[in-house]
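Below is one structure, written out as structure tokens; the observations come after it.
The values are calculated or read from the model by the stated rules, or taken from the named source; none is laboratory data. Please read all numbers here as calculations on a predicted model, not as lab measurements. Here the Cβ is made from the backbone with ideal geometry for all residues, glycine too, and neighbour counts use every protein chain on show.
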Protein chains: 2
Amino acid sequence: MASTRKLYSKYKEQMQQIADIRYAAAVLQWDQETYMPARSIGHRARQIATLSETAHKLFTAKKTGQLLETLAGSGDLSEEERKNIELSLYDYNKLKKLPATFVRAMSEAVSKSYQYWAHAKAANSFETFEDPLDKLIHLKRREASQLGWEGHPYNALLNDYERGCTVSFLDAAFSGLRPPLSALLSSIARQPQVDNAFLQKHYPRELQWQFGLEIIKKLGFDFEAGRQDISEHPFTTSFSSTDVRVTTRISENDFSNMCWSCIHETGHALYEQGLPAEEYGLPLGEYSSLSIHESQSRLWENNVGRSQGFWQHHFPLLLTYFPEQLGSTDPVHFYKAINRVQASLIRTEADELTYHFHVMIRYELEKGLIEGSVKTHDIPAFWNELYEKYLGIGVPDDRNGCLQDVHWSHGSFGYFPTYSLGSLYAAQFYDAALKQIPGLEQDLQNGNTTPLLAWLREQVHQHGRKWTSDELCKNITGESLNSVYFLEYAAKKYHNIYNFTD
Amino acid sequence: MASTRKLYSKYKEQMQQIADIRYAAAVLQWDQETYMPARSIGHRARQIATLSETAHKLFTAKKTGQLLETLAGSGDLSEEERKNIELSLYDYNKLKKLPATFVRAMSEAVSKSYQYWAHAKAANSFETFEDPLDKLIHLKRREASQLGWEGHPYNALLNDYERGCTVSFLDAAFSGLRPPLSALLSSIARQPQVDNAFLQKHYPRELQWQFGLEIIKKLGFDFEAGRQDISEHPFTTSFSSTDVRVTTRISENDFSNMCWSCIHETGHALYEQGLPAEEYGLPLGEYSSLSIHESQSRLWENNVGRSQGFWQHHFPLLLTYFPEQLGSTDPVHFYKAINRVQASLIRTEADELTYHFHVMIRYELEKGLIEGSVKTHDIPAFWNELYEKYLGIGVPDDRNGCLQDVHWSHGSFGYFPTYSLGSLYAAQFYDAALKQIPGLEQDLQNGNTTPLLAWLREQVHQHGRKWTSDELCKNITGESLNSVYFLEYAAKKYHNIYNFTD
């Protein structure tokens, strides 16, 4: 018993020190995307690479494996401790397949390609990004083969964000989603469209910034344990549950851009701020999976942040910021306008229905890139073809096309599908919340999000990585992921907005 | 030969990876003092501590020592390579005396005590800072005994900032400086004083910020390889020569505060941006010593930034920012006002003459704290007594007294004396610059600081740590540090400003 205690302490100390180094790398990445001066990219890339390599070496050292094996065989652990060991051992067995030199090379390639991506986007030229991206894709293919896979090499990468997620699962999920979504979109297309042109008026930068801060504070973001900054592409990162950073971007002629990216990232941030602080550096101090992470961001962004009740309360506040821009509209019109369904170019600005097609396009592309059937050079053509096929729109240029997302420059291949899964989980969780929290809709109409946050803290956040996506979903809703919740939510919402019945 | 090449490459790679980790710690420290949310302090302290400990362990590993010894015995090295090895070996032999656990404890204590200091200063209460400071002082005393010393334990700490610097050297230097400085101060005190009240008018924050940025850009600060932010106490830090960060603070009722701290930190930053990039992570890529570092900041702040020529050119620019505040003054009056000699409470705002007494007070206090003759609890009393003794002024509270400087909270004991040494070096270097750069004074009057920066790059910056302070001083001026240059510079300047002859 005494010996197990000592070993567990040793395990905890080692994990926490490795976490320190990983979080330090995250600070450097955050800095790179917010404040770092341009010429620093080379040195910064190697600094992050050294931290990644150092953390990887420490974690995949043989003696870490031995310690984990010993502890896994011990009976003297609490349920939480056993779970930590089990998950660390899973990570260990996965990560030890990657050589430290490979981790370093990947890290350097990612840091540098982020800068190339930012330049390429600014210059509206895929060509600028093509070489570093190609290098990254080759590294990702190598990673897939090092990690090993069954069925499809892309599975190895999907598994990194969503344990157990596969191409066959996603193919089926998307195939199931497409027909009812398309049918709903067709019905909507036949209805008269609400005017949302006022969202493209001039909304001054500073006022948008202030409104964003006020909204995320109201949602429960703890500014004593986090902050918001500006970056090229909005993101959330975390260096512990007491230091969670969100970023946003502001377009002066598009109010939506800032507003719902703020709410989306706050959904991520509330999850991170709600993770158990005492499990710092251990699996139970981490999030469950990326689809659960996205369930939190999408739930706040859409189920809450694009709901009628939410804006019934917040529209008057918004009006105090932008009386000229919004003086001739009202809460109901505003609600309908921000939910206008329309095929568009930019994923982060898409409505809740067409959004899934943006994800499917990226999914198909990534699958092709990783299996080798699509060449890096052909990304723009393939991208544009898919936007025509799925959304019926022409892509005018790369900035509004294949360069819009930061993810590939981060080496994140296999991430996008979790956005769709997250939306499906969000709808299912929100359905459960409506059933389990008395008066939730009235609360939101009163601007009171505290009960919902408390419920999410209890149901999701506090458990960290204790449960898989599926286990969590069953615990909360009594069943596995079921897209019917999203489809019912969507049907009800849009029938109401567009005033039609099927 | 081939083998030496291989070993040197290995050495370089190891040093650069250790530097990556140290610079990462510096990024986390910078973030802590600029943007970090309040509740993150505990986790941040341990993150920095882990990086410090990791870097220390890697550097002091036996195999590092063996590699250095082998290379030191090899004849196949260039002069620069030999110098790198010699300096790394010196560092190795010094740092291996400190156990990794001690380095970790010191790092954690420093991070936490910074936050306590900031709170204590805001609350104007030394009591809040007393315990963490006391802990830190005990750690510093332990550090001194671990490093070893002759003559005085404070020597071990002085040596950390200025190799070879000792209590007996400083006692003699300050004793030599006091009588002529006091005599000059007495003469000045008998003259009519220039009115400088306009410096305390209302100078709006944003305009000060913009002016600060414009000035440091004019001085040659490269914003592609650095940036400026706001912090509680101005500082410069560097994560490579391509990422050098300065901070400033702005007081709306005191223009001087921002202006000369900007110029001071820019002096530091120009040195860091001028270090040889190809020596990243190696001794020759580092600065020579802290007194040389301070020679750069003090030279730009005072010899340039408080000169008549500099403001003859820049006053019209300043006037465009603050026409109301400065409309009734002129360049000559401005020059005299910013150089008004007056015993004051705050070191960073002191004139060039009384400045040295601020340093001597801290020196005496630190010496007492490290040798144990002064207790932490008695710092405020001792501080106030010394301000009365040396500067003849009463200290109204701790915020304007012993809590004003950030240094102790950083664990920096032995740093302050380098400010005085830096001023002396600055005067001596500037004297050489005037002799060696044709038309320098005219250049400055024309707002052209490029020739001076080029000269400093050539004489000081590019050499990194190749030369000690003394060697550098001899190379540049033909002799060792000689306070006569400062005293002559000061006499000439203040005789002119106060219009008297002795």
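Check the stretch A:333-356 and report whether any residue there is basic (Lys, Arg), crowded, with 18+ Cβ neighbours inside 10 Å, at pLDDT 95 or above and within 18 Å of A:Ser187 (Cα to Cα).
Yes, because at least one residue in the stretch A:333-356 is basic (Lys, Arg), crowded, with 18+ Cβ neighbours inside 10 Å, at pLDDT 95 or above and within 18 Å of A:Ser187 (Cα to Cα).
Residues that are hydroxyl-bearing (Ser, Thr, Tyr) and touching a helix residue (DSSP H, G or I) at 6+ places or on another chain (Cβ under 8 Å): does the stretch A:387-402 have at least one?
Within the stretch A:387-402, one or more residues are hydroxyl-bearing (Ser, Thr, Tyr) and touching a helix residue (DSSP H, G or I) at 6+ places or on another chain (Cβ under 8 Å).
Read through the list (1) more than 14 Å from chain B (Cβ to nearest Cβ); (2) in contact (Cβ under 8 Å) with a residue 12 or more places away in the chain, then give the number of the only condition that A:Ser251 fails.
Against the list (1) more than 14 Å from chain B (Cβ to nearest Cβ); (2) in contact (Cβ under 8 Å) with a residue 12 or more places away in the chain, A:Ser251 comes up short only on (2).
Quick one: which of B:Thr329, B:Thr320 is free of Cβ contacts under 8 Å to residues at least 60 places away in the same chain and assigned by TED's automatic domain parsing to the domain that holds B:Leu181?
Just one listed residue meets the conditions, B:Thr320.
Which of the following residues is surrounded by 20 or more Cβ atoms within 10 Å (Cβ to Cβ), over 21 Å from the mean Cα position of the chain (by Cα) and over 30 Å from B:Ser78 (Cβ atoms): B:Leu434, B:Leu444, B:Leu452?
B:Leu444
Here is a yes/no grid of residues against (1) of a type outside the set (D, E, K, R); (2) under 26 Å from the mean Cα position of the chain (by Cα):
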position: A:Lys6; (1), (2): no, no
position: A:Glu13; (1), (2): no, no
position: A:Arg22; (1), (2): no, yes
position: A:Leu28; (1), (2): yes, yes
position: A:His43; (1), (2): yes, no
position: A:Lys62; (1), (2): no, no
position: A:Gln66; (1), (2): yes, no
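Would you confirm whether or not the stretch A:409-423 contains a residue that is over 22 Å from A:Arg163 (Cβ atoms), at pLDDT 95 or above, touching a helix residue (DSSP H, G or I) at 6+ places or on another chain (Cβ under 7 Å) and not small (Gly, Ala, Ser)?
Checking the stretch A:409-423: not a single residue is over 22 Å from A:Arg163 (Cβ atoms), at pLDDT 95 or above, touching a helix residue (DSSP H, G or I) at 6+ places or on another chain (Cβ under 7 Å) and not small (Gly, Ala, Ser).
Identify, by number, the condition in (1) more than 26 Å from B:Ala118 (Cβ to Cβ); (2) of a type outside the set (D, E, K, R); (3) modelled with pLDDT of 95 or more that B:Val194 doesn't meet.
It fails just one condition, (3).
Of the residues that sit in the stretch A:221-248 and are part of a strand (DSSP E or B) and under 24 Å from A:Glu278 (Cα atoms), which one is farthest from the other protein chains (Cβ to nearest Cβ)?
A:Thr236
Identify, by number, the condition in (1) surrounded by fewer than 21 Cβ atoms within 10 Å (Cβ to Cβ); (2) acidic (Asp, Glu); (3) away from every other protein chain (no Cβ under 14 Å) that B:Glu278 doesn't meet.
Against the list (1) surrounded by fewer than 21 Cβ atoms within 10 Å (Cβ to Cβ); (2) acidic (Asp, Glu); (3) away from every other protein chain (no Cβ under 14 Å), B:Glu278 comes up short only on (3).
How about the stretch A:404-421: which of its residues are closer than 11 Å to A:Thr348 by Cβ and in a loop (DSSP other than H, G, I, E, B)?
A:Gln404, A:Asp405, A:Val406
In this structure, is A:Ala105 part of a helix (DSSP H, G or I) and within 12 Å of chain B (Cβ to nearest Cβ)?
no
Among A:Ser261, A:Ser241, which is at pLDDT 95 or above, more than 28 Å from A:Lys121 (Cβ to Cβ), crowded, with 21+ Cβ neighbours inside 10 Å and not charged (D, E, K, R)?
After ruling out the rest, the residue left standing is A:Ser241.
If a residue counts only when it is assigned by TED's automatic domain parsing to the domain that holds A:His356 and loosely packed, with under 13 Cβ neighbours inside 10 Å, which helices (runs of 4 or more DSSP H) contained entirely in the stretch A:131-220 have at least 2 such residues?
Because the criterion is at least 2 residues that are assigned by TED's automatic domain parsing to the domain that holds A:His356 and loosely packed, with under 13 Cβ neighbours inside 10 Å, the helices (runs of 4 or more DSSP H) in the stretch A:131-220 that meet it are A:167-189, A:205-218.
Across the stretch A:431-481, what is the total count of residues that are over 30 Å from A:Glu86 (Cα atoms) and in contact with a Lys or Arg (Cβ under 9 Å, 6 or more places away or on another chain)?
Residues that pass the stated criteria total 2.
Could you list, in sequence order, the residues of the stretch B:329-370 that are within 27 Å of B:Ala172 (Cα to Cα) and of a type in the set (Phe, Trp, Tyr)?
Within the stretch B:329-370, B:Tyr355, B:Phe357, B:Tyr363 meet the criteria.
Suppose the filter is in contact (Cβ under 8 Å) with a residue 40 or more places away in the chain and assigned to a loop (DSSP other than H, G, I, E, B); does B:Gly447 pass it?
When the stated conditions are applied, B:Gly447 passes them.
Say whether the condition of being of a type in the set (Gly, Ala, Ser), surrounded by fewer than 19 Cβ atoms within 10 Å (Cβ to Cβ), in the same structural domain as B:Gln459 (by TED's automatic domain parsing) and under 30 Å from B:Ala45 (Cβ atoms) is met by at least one residue in the stretch B:358-379.
Within the stretch B:358-379 (the criterion being of a type in the set (Gly, Ala, Ser), surrounded by fewer than 19 Cβ atoms within 10 Å (Cβ to Cβ), in the same structural domain as B:Gln459 (by TED's automatic domain parsing) and under 30 Å from B:Ala45 (Cβ atoms)), the answer is yes, since at least one residue qualifies.
What number goes with the only condition from (1) crowded, with 20+ Cβ neighbours inside 10 Å; (2) closer than 30 Å to B:Phe126 by Cβ that B:His410 does not pass?
(1)
Looking at this structure, is B:Glu272 more than 14 Å from every other protein chain (Cβ to nearest Cβ), of a type in the set (D, E, K, R) and within 21 Å of the chain's Cα centre (by Cα)?
no
Only residues that are of a type in the set (D, E, K, R) and in a helix (DSSP H, G or I): list them for the stretch B:303-355, please.
Answer for the stretch B:303-355, where residues must be of a type in the set (D, E, K, R) and in a helix (DSSP H, G or I): B:Glu324, B:Lys336, B:Arg347, B:Glu349.
What single numbered condition from (1) over 30 Å from A:Phe221 (Cα atoms); (2) without any contact (Cβ under 8 Å) to a residue 60 or more places away in the chain fails to hold for B:Ser88?
Checking B:Ser88 against (1) over 30 Å from A:Phe221 (Cα atoms); (2) without any contact (Cβ under 8 Å) to a residue 60 or more places away in the chain, the one that fails is (2).
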